[in-house]
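What follows draws every value from the coordinates through simple rules; no lab data is involved. Nothing here was measured: the structure is a model prediction, and the numbers come from that model. Every residue, glycine among them, receives a Cβ derived from its backbone with ideal geometry; neighbour counts consider all protein chains shown.
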Amino acid sequence: MRQTEPVAASETDVDDASDRVTNAGLRRALLVATAIVVAIWLALILFWQESPFALTFDDAWYYLTIGRNLNSGRGSTFDGINLTNGYHPLWQLVSVLPFTVGLDDLAAARALLVLQLLVGWGLTLALLSATVARLLADWPPARRRGPMPGAANVGSVTLAATLVLFAGSPFIVKVFVNGLESGIAATVDSALLYVAIRQRGRWLVGTSARGRLGVSLLLALAFLARTDAAFLLASLGIWCVAEALTARPPKAIVRLAQLFALPAVVIVAYLAANQRLFGTPFQISGLVKRVDPLRATTVIVFALFVAAAIAAGRFAFRSTGSSRGRFPAAATFVRHTGWFAAFCVVLVGYYSVLQVQQWLWYYAPIVLYLTGLLLLGVADMVGASLRDAPERASAERAVAPVQAMLALLLGGLLAFASVQFFDPNVRSIQIANADAGVWMRANLPEGSRIASWDAGALGYFSHRDVINIDGVVNSYRYYELGRTGQGKTFWACSGLGYVANLGGDANGDDPDIRSFIAGAVDPAAAKAATVIFTRPFTYSGVLSSTGGSKSVSSEDLAVRVYALAPLSGGAASGCP
């Protein structure tokens, strides 16, 4: 470790914090704040009966259903019939765990959420806290007229309170604790950010071969956690190539290989396994939701996002000087993690331009990055308030305006998010689908084939073969047949006996379901189909159904189960 002479904090480049001792007091305060957030949400998950429905999205039940089928030996399938790869592999593997210890239904979902809270959010915040404490090793800065008693304690309490108010908000928690892959991906991302700060944004110098191989393992896990981390690998790869150009070529090439060989092998193996097992190297969920990537406007707009990402990364890479100004710690964080900022820009472009749907958990890396920037920005404001305080002012008085502003903004956001989160109309859609699933389990015979767009909770709680109409957890064959206008062939061979989905009320009927039956089977079957179950509910939020998405507010909906005549299912000629 480099030895340095004691220097006043106001005259010390915050960049030096990366090779000094971590701010132990601040780290303890942030870890206590993390423990408070985790304890509150752990109690909610364990003791609030409806917490699994409030935290999850419908896609979470896809993971759980496939996890149950994998554990029971049925294979990588949601409906028990068609093989699918519509998931991110690392979280799908984790989703098998509750069933291996004998849990099922709501207990399995609750256990998975507890695990995700502890690892996906608790460990993520702990790593982020360590990152912030390392950057703020000499924080808070000394006042120009000398030390201020109690400054370190007041500063640490302010940052800890900021973390509780922000990271404990239901809106933020639901980004990471939702039964989906975003939590475990965030844990890996936070570990990479910690290493980036420890290494001052440089990956090829000042590191050992063992350390670089450890990073390569993190990069491989990042891809397996969320395959869109391919953009993260590309961003970091360009960053490291730029670094290699300033080093001796032979050593630089070896070190680049140590960083990226393992994730490259993992990606190739993943694509090859997909091709072998599922007939396509790519996730079916991504294929279903993508727009035409060759459309001129799509190419141009996405290219603009890529150009913005490159510009941001280049600016951060070239900014090697001292971090001065109003936000020195936040600026240093960006300078050492510019590759991650570039990744975030590309991620926004990918989902807003190349995909037809955008959901909250897609943007978990961005929320994680903004959480770090928030803490460091608050630290800079607190530091400036303490440094510039009048001679006789106490630390509490100096920081009070910053605390008041944070309490107003973050407290207001927390209150607003809590009202939305605990609104029963927001989780009603999940509960209604689960109730319909429970009814189907009790009233439909085993082996029944049911089609549904919103198939997650309905399929999970039914323990029946629910075939996903929109295709995100269906087979590649279904995707290909639908893309070529031969979807009717698939349904003719499916043995379809029922269709179930949520929708509006048209005199007790759902025209979307009847329209699907007419196209998938025939108009006569659509006319003869009968409603055998109805579960009404009132919903507020984003509604994704029958292939589209819209926002609704207090709309009266219902889950309906339609029975088809026996003639509609069964064996058509040419069925496999």
(message) Quick check for me: using +1 on Lys/Arg Cβ and -1 on Asp/Glu Cβ, what's the dipole size of region 316-421 about its Cα centre, in debye to the nearest 20?
(response) 260
(request) Mind putting a number on the dipole of region 424-568 about its Cα centre? Charges go on the C-beta only, +1 for Lys and Arg and -1 for Asp and Glu, and I need it in Debye to the nearest 20. (result) 240
(request) State the number of lysine pairs found in the chain whose Cα atoms come within less than 23 Å, restricting to pairs 8 or more positions apart or on distinct chains. (result) 5
(message) Quick check on region 365-444: what does the Kirkwood estimate of hydrodynamic radius come out to from the alpha carbon pairs, in Å?
(response) 16.7
(request) Would you work out which of L42, P170, A384 lies farthest towards the positive end of the dipole of the chain, given +1 charges on the beta-carbon of Lys and Arg and -1 on that of Asp and Glu, about the Cα centre? (result) A384
(message) Over the Cα atoms, compute the radius of gyration (one decimal) and Dmax (the largest Cα-Cα distance, rounded to a whole number) for the chain, in Å.
(response) 26.4, 91
(message) Under 5 Å between amide hydrogens, which residues at least 5 positions from N23 or on another chain qualify, with H placed 1.01 Å from N in the peptide plane?
(response) R134, L136, A137
(message) Under the rule of at least 5 residues apart or a separate chain, name every residue whose amide H is placed under 5 Å from the amide H of Q355.
(response) V291
(request) Work out the FRET efficiency for V268 and L245 from their Cβ-Cβ distance, taking R0 = 22 Å, and round it to the nearest 0.05. (result) 0.25
(request) Work out the charge dipole of region 225-304 with +1 on the Cβ of Lys and Arg and -1 on the Cβ of Asp and Glu about the Cα centre, then indicate which of W239, T298, S285 is farthest towards its positive end. (result) W239
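Taking the number of other C-beta atoms within 10 Å as the exposure measure, put I366, I197, I66 in order starting with the fewest. Mind dumping the intermediate values first?
Details: I366 17, I197 20, I66 26.
Arranged by neighbour count, lowest to highest, I366, I197, I66 become I366, I197, I66.
Under a Cβ-only charge scheme (Lys and Arg +1, Asp and Glu -1), can you give me the dipole magnitude of the chain about the Cα centre, in debye to the nearest 20? Spell out each step's value before the answer.
On the way: 45 positive and 36 negative charges, 377 e Å.
For the chain, the charge dipole is close to 1820 debye.
Considering only DSSP beta bridges whose two residues both sit in region 424-568, what percent are antiparallel, to the nearest 5? It would help to have the intermediate numbers written out before the result.
On the way: 20 of 26 bridges.
Beta bridges within region 424-568, antiparallel portion: roughly 75 percent.
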(message) Compute the orientation-averaged projected area for region 424-568 from the convex hull of its Cα atoms and round it to one decimal in nm².
(response) 8.1
(request) Please give the calculated 222 nm ellipticity per residue for the chain, where each DSSP H segment of at least 4 residues contributes -39500 (n - 2.57) and the sum is spread over every residue; nearest 500 deg cm²/dmol? (result) -19000 deg cm²/dmol
(message) Viscosity 0.692 mPa s, temperature 37 °C: what is the translational diffusion coefficient of region 195-286 from Stokes-Einstein with a Kirkwood Rh over Cα pairs, rounded to a whole number of µm²/s?
(response) 233
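As a test, work out the antiparallel percent of DSSP beta bridges whose residues both lie in the chain, rounded to the nearest 5. Don't skip to the end; give the middle numbers.
On the way: 23 of 29 bridges.
Percent antiparallel among DSSP bridges in the chain is about 80.
Add +1 for every Lys or Arg and -1 for every Asp or Glu among the other residues with Cβ under 15 Å from the Cβ of S129, and state the total. List each step's numbers first, then the result.
Details: positive: R27, R28, R134, R198; negative: D189.
It works out to a net charge of +3.
By count of other Cβ within 10 Å, fewest leading, how are F57, F47 ordered? Intermediate results must be reported in sequence, preceding the final value.
Details: F57 19, F47 8.
Starting with the residue having the fewest Cβ neighbours, the order is F47, F57.
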(message) Quick check: net charge around W91, other residues with Cβ under 15 Å of its Cβ, Lys/Arg +1 and Asp/Glu -1?
(response) -2
